[in-house]
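I have placed the structure first, in the form of structure tokens, so that the comments after it can refer back to it.
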Amino acid sequence: MNARIAPAEPPYAATVQAWLARTMPPGMPPLRLFTTLARDERLFGKFFAGGLLDRGHLALRQREIVIDRTTARCRSEYEWGVHVALFGERVGLTAAQLASLVHGDAGDPCWSDDDRLLIRLCDELLDTCTIGEPLWRELHAAYTEPALLELLLLAGCYRTVSTLTNALALPLEDRAARFPAR
């Protein structure tokens, strides 16, 4: 299937090219999401100005659990697969955990209590667009307020990314992971 909007072709605008050169691993072509957004330099810049892939208030594993759970629940195999391929092994996600992120829930035995809290956060946000008081108290006890803000922004950002990748019908990246079978 072809994407609903064709990606931009090189040469890219100078600001886009500079961002791609800083972001993409050596030898890896730019992701289709990036080149599709590169069709409009303004939108590209606005979208990536809000990126949360820097060293923030969360450990890399915490960040990836939130991204992977959010994108899996939103059925964005494109974005889930990119993140799992780039970060899954690095953050120690097992095959059982990857399957759980797509098909399971926070109660699955493969998760630590800390991981369960993040999955519950994602699920509650996706189901209700808010956090109830009981979960908020648990989160507040486990995370600093800046980390809580980052968790909320991260989940919301990747819900948006999921909507974008799904609505554009982006073909899966060749090197990306695929959703595990049930």
**OP:** Provide the per-residue ³J(HN,Hα) series for the stretch 56-64, in order, calculated from phi with Karplus coefficients 6.51, -1.76, 1.60 and θ = phi - 60°, each as a whole number of Hz, with x at glycine and proline positions.
**Re:** x, 9, 10, 6, 4, 5, 4, 4, 5
Original post:
Quick one: Karplus J couplings for the stretch 40-49, per residue in order, coefficients 6.51, -1.76, 1.60, θ = phi - 60°, nearest Hz, x for Gly and Pro?
Top reply: 9, 4, 5, 5, 4, x, 5, 4, 7, 5
Subject >> Distance-filtered residues of the stretch 77-112 - backbone nitrogen under 17 Å, label point 7 angstrom along Ala147 Cα→Cβ >> reply: 112
Subject >> Arg137-Leu86 pseudo-label distance in nm [points 7 Å out on the Cα-to-Cβ vector] >> reply: 3.9 nm
Original post:
Can you list the residues, at least 5 places off or on another chain, whose amide H is less than 5 Å from the amide H of Gly104, using H built in the peptide plane?
Top reply: none
**OP:** Would you kindly state how much longer the chain becomes between Ala95 and Thr130 on full extension, computed as 0.36 nm times their sequence separation minus their alpha carbon distance, in nm to one decimal?
**Re:** 9.6 nm
**OP:** Return a whole-number percent for the relative contact order of the stretch 1-132, with Cα pairs under 8 Å and 6 or more residues apart as the contact set.
**Re:** 19 percent
Original post:
Given the rule -39500 (n - 2.57) for each run of at least 4 DSSP H residues, summed and divided by the residues of the chain, what is its mean residue ellipticity at 222 nm, to the nearest 500 deg cm²/dmol?
Top reply: -17500 deg cm²/dmol
Subject >> From phi via Karplus (6.51, -1.76, 1.60), per-residue ³J(HN,Hα) for the stretch 156-166 in Hz, x at Gly/Pro >> reply: x, 4, 7, 5, 5, 4, 4, 4, 4, 5, 5
Original post:
Local charge sum around Val84 (other residues, Cβ-Cβ under 12 Å, Lys/Arg +1, Asp/Glu -1)?
Top reply: -2
**OP:** Just subtract the alpha-carbon distance of Ala3 and Thr23 from 0.36 nm times their residue separation and send over the number in nm, one decimal.
**Re:** 4.9 nm
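Read the figures in this text as sums done on the coordinates, not as results from a lab. If you're wondering where the values come from, they're calculated on a predicted model, not measured in any experiment. We place every Cβ from the backbone using ideal geometry, glycine too, and count neighbours over all the protein chains shown.
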